[in-house]
Amino acid sequence: MTDETKLNVEWWPVAQVKPYANNPRKNDKAVAEVAGFIEKYGWRQPIVVDGDGIIIVGHTRWKAAKKLGREKVPVHVAKDLSPEEAKAYRIADNRSHEKSDWDDEKLVAELLDLRELGCDIADVGFDDAEVDKLLDDIAEELEPPDVEFATELDEESNYVVLKFDRDIDFLQIETLLGLKSVCNRTYNGKPGKMGVGRVVNGVEAIKLIQASGKEVG
């Protein structure tokens, strides 16, 4: 039997699916959130059961379906797994999730993109406080350069525009300076940030602010 023929999905009545009595994973705290994901994004992963209809993988999704009052759930019957393999896979699937980490820079950049697109980041399980904490952690890892600040202005203008090539850098300066994004023009349906003045390297500006040791805000 090929992999293509193994992965069949059927729709079963919720009551036909049985939880594993000795499931070692405590998942009640995640049920409401997963229910929200199912309601917003639909079913994207089936519940995996053995030949007797007992859950191998997907207890949280099953509980979420019950919470939503769903009558049927997508199910994959792992008929080719022995009882020993089903028991092992149940543990292995849960354990594997604990061994992955986030790339904080890429994560915050993705969350920023979602926010710019008008999405509520709560819909993906994060909140603004968590984003701020990630930004603080990233900022602490930046090594400040050995640069001295000028002691006085040598131009009449006392403002500066920062240019960023990456969203993550713009979000960091927003946090460091306590700024709010100003979107006053739209390009291709997306808001654009406008400004005038001197253009400097945004990443270096962040490092300079951190090197100064001054409180900003």
All conditions in (1) loosely packed, with under 13 Cβ neighbours inside 10 Å; (2) in contact with a Pro (Cβ under 7 Å, 6 or more places away or on another chain) are true of P46 except (1)
Restricted to segment 1-50 and to residues being closer than 19 Å to V124 by Cα and in a loop (DSSP other than H, G, I, E, B), the residue modelled with the lowest pLDDT is N27
Could you list, in sequence order, all residues of segment 54-73 that are without any contact (Cβ under 8 Å) to a residue 40 or more places away in the chain and assigned to a strand (DSSP E or B)? I54, I55, I56, V57
Go through V124, V57, V73 for me and flag whichever is in the same structural domain as L135 (by TED's automatic domain parsing) and in contact with a helix residue (DSSP H, G or I) (Cβ under 9 Å, 6 or more places away or on another chain). V124
Before we move on, is V108 surrounded by 15 or more Cβ atoms within 10 Å (Cβ to Cβ), within 18 Å of N8 (Cα to Cα) and either within 20 Å of the chain's Cα centre (by Cα) or among the hydrophobic types (A, V, I, L, M, F, W, C) (or both)? no
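Okay, residues lined up against (1) of a type in the set (S, T, N, Q); (2) assigned to a loop (DSSP other than H, G, I, E, B); (3) in contact with a His (Cβ under 8 Å, 6 or more places away or on another chain):
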residue	(1), (2), (3)
D52	no, yes, no
A86	no, no, no
N94	yes, no, no
S100	yes, yes, no
K106	no, no, no
D113	no, no, no
F126	no, yes, no
A129	no, no, no
L135	no, no, no
Looking at segment 74-88, I want the residues that are in contact (Cβ under 8 Å) with a residue 24 or more places away in the chain and have a partner that is surrounded by fewer than 18 Cβ atoms within 10 Å (Cβ to Cβ) and of a type in the set (K, R) with Cβ atoms under 8 Å, at least 6 apart or on another chain. Which pairs are those? D80/K6
With the requirement that a residue be surrounded by 15 or more Cβ atoms within 10 Å (Cβ to Cβ) and over 15 Å from K26 (Cα atoms), what does segment 84-105 give you? A86, K87, Y89, D104, E105
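The values are calculated or read from the model by the stated rules, or taken from the named source; none is laboratory data. This structure is a prediction, so every number in the text was calculated from the model and none was measured. Using ideal geometry, Cβ is built from the backbone for each residue, glycine included, and neighbour counts are taken over all protein chains shown.
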